[in-house]
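Just below is one structure, and these are the notes that go with it.
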Amino acid sequence: METARSSVIVAIDGPSGTGKSSTSKAVAAKLGLSYLDTGAQYRAITWWMLNNGIDVSNPDEIATAAAKPVIVSGTDPAAPTITVDGEDASGPIRTQEVTSKVSAVSAVPEVRTLITALQRSIAAAATGGIVVEGRDIGTTVLPDADLKIFLTASPEARAARRSGEVKGSDLTATREALIKRDAADSGRKTSPLAKADDAVEVDTTELTLQQVIECVVTLVEGKRVAA
Ligand code: DC
């Protein structure tokens with residue numbers, strides 16, 4: 001049936017540790033869609049700022065430099081890539097240093113304007129459809145997305161998942177860092193982490209990753225058939 005092939009834009013938002021990335025990648029791969037990790041883009045610009053001597057506690061300095069780095073995202077869910085000025089940034093953007101500074105950099109309006117425009121152009125170019133994950137995709141970046149999902153989970157479950165991903169990490173410290181970052185991301189003035197009014201909320205606390213993937217795939221297929 002033609003509708004089964006129709007292009008679809010899926011926005012998946014939520015705080016860290018809810019399984020957003022694993023779910024988004026798996027759903028995109030399963031349904032033959034492109035995939036965009038917008039957190040990786042904010043991490044990439046943060047990495048560039050740190051490498052280029054920008055004082056990331058100074059929003060004016062961040063705003064002035066924001067347009068300098070060239071960030072390119074590869075959207076194959078089987079092998080997503082990210083480069084900054086042509087250099088592979090996929091490893092360095094996951095360091096503790098970047099993680100602890102990314103909320104400050106991503107709160108600067110000039111950064112958000114530039115990255116939001118980049119995200120919209122990538123989504124527009126993905127003619128076969130795309131899954132875009134982040135914090136403000138359903139509310140700000142792609143308010144006309146065909147399907148909006150907001151993933152949640154208890155802080156305990158999120159911290160346990162995150163410390164499982166990072167070798168040798170301490171559960172209490174991970175939980176505290178995660179709560180601090182969520183508070184900064186939810187509390188910023190420009191496009192904070194928020195659930196769109198028309199998003200479907202999925203609480204993943206008691207679900208396995210496989211169950212979350214199946215739930216989202218079912219929701220996407222429902223939208224495609226309805227289209
Ligand atoms: O998903 P992540 O943990 O890699 O995201 C890193 C940071 O990027 C997150 O703490 C806030 C910011 N971010 C954002 O402000 N807006 C998005 N759409 C995605 C991420």
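The values are calculated or read from the model by the stated rules, or taken from the named source; none is laboratory data. Because the structure is a prediction, the values reported are computed rather than measured. Cβ placement follows ideal geometry from the backbone for every residue including glycine, while neighbour counts extend to all protein chains displayed. Heavy atoms of the whole protein, side chains included, go into the accessibility calculation; ligands, DNA and RNA do not. Shrake-Rupley method; radii C 1.70, N 1.55, O 1.52, S 1.80 Å.
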If I go through the stretch 173-206 residue by residue, how many of them are free of Cβ contacts under 8 Å to residues at least 12 places away in the same chain and more than 16 Å from the ligand (Cβ to nearest atom)? 3
Cβ pairs under 7 Å, 6+ apart, first in the stretch 13-39 and over 18 Å from V200 (Cβ atoms), second β-branched (V, I, T) and within 12 Å of the ligand (Cβ to nearest atom): L36/V132; T38/V132; T38/I137
Of the numbered conditions (1) open to solvent by 70 Å² or more (accessible area, probe 1.4 Å); (2) in contact with an Asp or Glu (Cβ under 9 Å, 6 or more places away or on another chain), S163 satisfies every one except a single condition; which is it? (1)
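Conditions (1) within 16 Å of E201 (Cα to Cα); (2) touching a residue at least 24 places away in the same chain (Cβ under 8 Å); (3) not polar (S, T, N, Q), marked per residue:
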{"position": "V102", "(1), (2), (3)": "no, yes, yes"}
{"position": "R112", "(1), (2), (3)": "no, yes, yes"}
{"position": "T127", "(1), (2), (3)": "no, yes, no"}
{"position": "L142", "(1), (2), (3)": "no, yes, yes"}
{"position": "I149", "(1), (2), (3)": "yes, yes, yes"}
Within the stretch 115-154, tally of residues that are assigned to a loop (DSSP other than H, G, I, E, B), open to solvent by 20 Å² or more (accessible area, probe 1.4 Å), more than 18 Å from P77 (Cα to Cα) and not hydrophobic (A, V, I, L, M, F, W, C): 5
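One line per residue, one yes/no per condition, for (1) surrounded by 15 or more Cβ atoms within 10 Å (Cβ to Cβ); (2) away from the ligand (no atom under 13 Å from the Cβ); (3) among the aromatic types (F, W, Y):
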{"site": "A11", "(1), (2), (3)": "yes, no, no"}
{"site": "P15", "(1), (2), (3)": "yes, no, no"}
{"site": "T23", "(1), (2), (3)": "yes, no, no"}
{"site": "R43", "(1), (2), (3)": "yes, no, no"}
{"site": "L50", "(1), (2), (3)": "yes, yes, no"}
{"site": "A78", "(1), (2), (3)": "no, yes, no"}
{"site": "T99", "(1), (2), (3)": "yes, no, no"}
{"site": "V111", "(1), (2), (3)": "yes, no, no"}
Considering residues of the stretch 151-172 that are touching a residue at least 24 places away in the same chain (Cβ under 8 Å) and not aliphatic (A, V, I, L, M) only, the residue farthest from the ligand (Cβ to nearest atom): S154
Some residue of the stretch 180-195 being among the acidic types (D, E), crowded, with 18+ Cβ neighbours inside 10 Å and under 20 Å from S21 (Cβ atoms): yes
